[in-house]
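In what follows, a structure is listed as structure tokens, so that the remarks can point back to it.
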Amino acid sequence: MTGRNMRHVIRSPEEIVLYFSLPIMFVLVFGYVFGSGMAVPGDGSYREFLLPGVFVMTMLYGLGATASQIAVDAGRGVVDRFRSLPMARSALLTGRAGADVLRALLELSVLVVCGLLVGWRWRDGLGDALLAVGLILLLRVALTWVGILLGLLVPNPDTVSVIVFPLAFPLTALSNVFVAPELLPDWLGAVAAWNPLSATVAAARELFGNPGIGGDSWAAQHALLLAVGWPVLLIAVVAPLAVRRYQRLSR
């Protein structure tokens with residue numbers, strides 16, 4: 001099932017270009033057009049501050065592809081067809097999750113190359129950098145299950161694409177992806193600090209050795225803990241709901 005989903009990705013290169021173009025555009029626009037006017041705690045490079053946020057943002061927007069593909073399969077009766085075959089019932093969902101992790105690795109690879117070209121670097125060694133990538137992929141796994149549940153609840157690809165952006169954009173805007181929470185008004189900074197995306201972004205910045213580390217809030221001081229805790233909690237809540245919905249599709 002993972003191979004099937006990856007073949008669909010390969011056969012739709014325009015979809016890959018579309019999903020890659022948005023984060024690359026954010027890097028170029030925010031890094032070069034607005035970067036000179038953006039403040040970074042500690043007066044570091046804004047592009048180094050920005051790249052970990054773009055890595056995480058790409059994982060968030062990737063759930064749109066997950067939800068759309070699941071909705072396509074459910075709407076065309078593919079799910080029912082697979083359920084009638086002598087195969088593990090979990091294969092469709094776990095295969096989708098596995099394909100999304102592989103796709104996320106491809107997306108991260110492209111963004112890392114883009115980041116290196118614009119001056120981003122990891123500063124604290126390869127081991128910490130790989131741990132940061134692991135935390136980003138853990139968040140992607142959690143978001144994959146959100147996308148699976150959404151695709152099963154709304155088996156219409158067009159409707160799913162309309163729903164994803166209004167959900168994803170506020171999460172991105174109310175986080176530390178583009179601006180450090182301590183530079184925001186107090187109440188807005190508190191919201192941004194406790195955003196699950198912010199935890200992964202802050203932990204990635206710390207492990208990469210990029211600027212923007214710090215803050216007085218408990219969330220800022222324990223970013224690594226929250227970067228593990230939020231995705232695990234999300235998987236524990238959403239994955240059983242997705243499996244339950246999947247089991248009820250043909251009833």
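The values are calculated or read from the model by the stated rules, or taken from the named source; none is laboratory data. The shown structure was predicted, so the numbers you read here are calculated from the model rather than taken from an experiment. Cβ: placed from backbone, ideal geometry, glycine included. Neighbour counts: every protein chain shown. In case anyone asks, the SASA skips ligands and DNA or RNA and just uses the protein heavy atoms, side chains included. Shrake-Rupley method; radii C 1.70, N 1.55, O 1.52, S 1.80 Å.
Looking across the stretch 84-102, just one residue is open to solvent by 40 Å² or more (accessible area, probe 1.4 Å) and of a type in the set (D, E, K, R), and that is ARG89.
Among the residues in the stretch 32-41, are any touching a Phe, Trp or Tyr at 6+ places or on another chain (Cβ under 6 Å), surrounded by fewer than 19 Cβ atoms within 10 Å (Cβ to Cβ) and modelled with pLDDT under 85? Within the stretch 32-41 (the criterion being touching a Phe, Trp or Tyr at 6+ places or on another chain (Cβ under 6 Å), surrounded by fewer than 19 Cβ atoms within 10 Å (Cβ to Cβ) and modelled with pLDDT under 85), the answer is yes, since at least one residue qualifies.
Within the stretch 96-109, residues that are farther than 18 Å from ASP73 by Cα and of a type outside the set (A, V, I, L, M, F, W, C) reach partners that are open to solvent by less than 40 Å² (accessible area, probe 1.4 Å) and outside any helix (DSSP H, G or I) with beta carbons closer than 8 Å, at six or more positions or on different chains, in the pairs ARG103/GLY62; GLU107/GLY62.
The residue list THR200, THR159 contains one member that is touching a Leu at 6+ places or on another chain (Cβ under 9 Å) and hydroxyl-bearing (Ser, Thr, Tyr), which is THR200.
So which of ARG205, ARG244 is closer than 30 Å to LEU92 by Cα, among the basic types (Lys, Arg) and assigned to a helix (DSSP H, G or I)? First the steps, then the outcome.
Numbers: ARG205 fails: closer than 30 Å to LEU92 by Cα.
On inspection, the qualifying residue turns out to be ARG244.
Residues in the stretch 103-130 that are in a helix (DSSP H, G or I) and buried (at least 17 other Cβ atoms within 10 Å of the Cβ): ARG103, ALA104, GLU107, LEU108, LEU111, CYS114, GLY115, ALA129.
Residue-level check: of (1) β-branched (Val, Ile, Thr); (2) over 17 Å from THR200 (Cβ atoms); (3) open to solvent by 40 Å² or more (accessible area, probe 1.4 Å), VAL72 misses just (3).
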